[in-house]
Amino acid sequence: MHLNFNLPKKILGWYDNNKRSLPWRVGKNSPKKLYYRLLSEFMLQQTQVNTVIPYFKKFTKKFKTLKSLSKCNEQKILKLWEGLGYYRRARNLLLTSKILVNEHHSRLPKKIKEIKTLPGIGDYTANALLGLVHNKPAIAVDGNVKRVFSRIINKKESEINFDQFIEINKKKFFNSKRNSDFVEALMEFGSLICKPKDPKCGICNLNKHCKYFNSSKKIKTIKYKMIRSKNYDVFCYVNKKKQIALTKKNNLGFLNEFSLPEIRETKKNIRNKDWKFLKKYKNSISNKKLNINLYYKFSSKIPSSFIWHSIDKNKEFIPTFTKKIFRQVSILF
Ligand code: SF4
């Protein structure tokens with residue numbers, strides 16, 4: 001569907017007066033542009049802006065340049081990332097920074113195909129970087145952008161082919177020299193004005209052209225996702241030295257990369273009679289809610305795939321999920 005108004009002009013007009021001051025927004029010619037954009041794009045995958053800001057500041061205080069980040073070891077990066085979750089992002093960020101520094105003279109390739117070969121960079125992030133770093137005519141279509149487009153034309157997201165929509169309107173979308181700002185303005189507009197729940201149509205400078213606003217049959221854009229919680233049993237071997245046995249072997253996909261005690265989905269009618277019950281508590285990881293039943297056993301022997309870890313040791317990287325277990329178990333000592 002062709003748009004019959006100048007969207008970039010409207011959106012950029014709004015953006016220039018209302019954009020948030022975010023630490024990764026540096027000037028077009030800043031030498032920090034690639035590093036700051038890369039770091040923030042990795043951190044913002046699946047995470048809210050407000051959560052990311054303190055982590056971004058912590059990283060850029062510790063590593064002033066992409067080069068200094070690329071020279072760091074994985075354990076240090078994971079330690080700094082601790083609490084932000086989705087730790088694969090941190091590992092991929094490190095790998096990507098090494099490739100950019102060592103093989104591309106600390107520059108971002110100009111072709112999307114090449115950008116997408118970098119670890120942890122898919123279609124969305126590649127388009128975002130292409131627009132933000134190289135000012136190329138590319139739009140990263142995230143949830144905010146989808147919602148804005150779908151409301152402007154008052155069509156359900158599931159009925160829109162976004163690539164086609166951008167292609168059809170590309171002359172209009174990329175008619176300014178500010179592609180990078182346009183990408184960012186669209187996302188910002190989606191999160192501050194054309195919000196998922198109560199869009200601020202009354203103060204929106206697109207409302208004259210917006211089919212959603214002007215239609216008596218408005219599309220529904222909010223999807224409510226039911227998140228069910230699941231029950232898990234966690235089994236902790238502990239010893240008198242205040243240590244807990246951890247393993248990286250478990251069959252729970254979303255916890256695969258972590259060091260944990262043994263954890264299994266709770267099975268009805270199975271009593272864990274060799275283990276002592278310690279506590280029930282709730283936890284959430286990624287988008288999953290977990291009800292935890294914590295069991296323990298004092299033992300000097302542990303299965304071969306486990307290693308002892310001191311409960312008080314905090315210098316190395318321990319995921320937040322495991323740290324919570326440490327806190328619960330420490331009441332035994
Ligand atoms: S008028 Fe409302 S629905 Fe349309 S773009 Fe503006 S905020 Fe979104």
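The values are calculated or read from the model by the stated rules, or taken from the named source; none is laboratory data. The structure presented is a predicted model; accordingly, all values stated were derived computationally and were not measured. So basically every Cβ, Gly included, is an ideal-geometry build from the backbone, and we count neighbours across all protein chains shown.
Each residue in the stretch 268-311 was checked for being touching a helix residue (DSSP H, G or I) at 6+ places or on another chain (Cβ under 8 Å) and part of a loop (DSSP other than H, G, I, E, B), and 2 pass. Considering only the stretch 195-218, I want to know if a residue exists there that is outside any helix (DSSP H, G or I), over 30 Å from L38 (Cα atoms) and small (G, A, S). Among the residues of the stretch 195-218, at least one is outside any helix (DSSP H, G or I), over 30 Å from L38 (Cα atoms) and small (G, A, S), which makes the answer yes.
Scan the stretch 215-230 and tell me whether some residue there is within 12 Å of the ligand (Cβ to nearest atom), free of Cβ contacts under 8 Å to residues at least 12 places away in the same chain and out of contact with any Gly (no Cβ under 8 Å at 6 or more places or on another chain). Looking for residues that are within 12 Å of the ligand (Cβ to nearest atom), free of Cβ contacts under 8 Å to residues at least 12 places away in the same chain and out of contact with any Gly (no Cβ under 8 Å at 6 or more places or on another chain), one finds none in the stretch 215-230, hence no.
Taking K67, is it over 21 Å from L130 (Cβ atoms) and assigned to a helix (DSSP H, G or I)? Yes, satisfied. Among the residues of the stretch 190-210, those that are near the ligand (Cβ under 8 Å from one of its atoms), under 13 Å from R147 (Cα atoms) and touching a residue at least 40 places away in the same chain (Cβ under 8 Å) comprise I193, C194, P199, C210. Restricted to the stretch 45-61, and to residues there that are among the hydrophobic types (A, V, I, L, M, F, W, C) and under 10 Å from the mean Cα position of the chain (by Cα), the residue that is farthest from L192 (Cα to Cα) is V52. Scanning the stretch 162-179 for residues that are loosely packed, with under 15 Cβ neighbours inside 10 Å and not in a loop (DSSP other than H, G, I, E, B) yields F162, D163, Q164, E167, I168, K170, K171.
The set of residues in the stretch 143-181 being under 17 Å from C204 (Cβ atoms) and touching a residue at least 60 places away in the same chain (Cβ under 8 Å) consists of R147, S150, R151, I152, I153, N154. When the test is whether a residue is of a type in the set (V, I, T), surrounded by 13 or more Cβ atoms within 10 Å (Cβ to Cβ) and closer than 22 Å to F258 by Cα, I77 passes it.
Residue by residue, here is whether (1) free of Cβ contacts under 8 Å to residues at least 12 places away in the same chain; (2) in a helix (DSSP H, G or I); (3) over 26 Å from I166 (Cα atoms) holds:
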site	(1), (2), (3)
F5	no, no, no
L12	no, yes, no
L22	no, no, yes
L34	no, yes, no
S97	no, yes, yes
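A single entry from L186, L108 fulfils the requirement of being in contact with a helix residue (DSSP H, G or I) (Cβ under 6 Å, 6 or more places away or on another chain), within 16 Å of the ligand (Cβ to nearest atom) and not β-branched (V, I, T): L186.
Within the stretch 129-161, restricting attention to residues that are part of a helix (DSSP H, G or I), of a type in the set (G, A, S) and at pLDDT below 95, the residue that is farthest from the chain's Cα centre (by Cα) is S158. Tell me, yes or no, whether the stretch 127-141 has at least one residue that is in contact with a Phe, Trp or Tyr (Cβ under 7 Å, 6 or more places away or on another chain), at positive phi and either touching a residue at least 40 places away in the same chain (Cβ under 8 Å) or exposed (fewer than 15 other Cβ atoms within 10 Å of the Cβ) (or both). Checking the stretch 127-141: not a single residue is in contact with a Phe, Trp or Tyr (Cβ under 7 Å, 6 or more places away or on another chain), at positive phi and either touching a residue at least 40 places away in the same chain (Cβ under 8 Å) or exposed (fewer than 15 other Cβ atoms within 10 Å of the Cβ) (or both).
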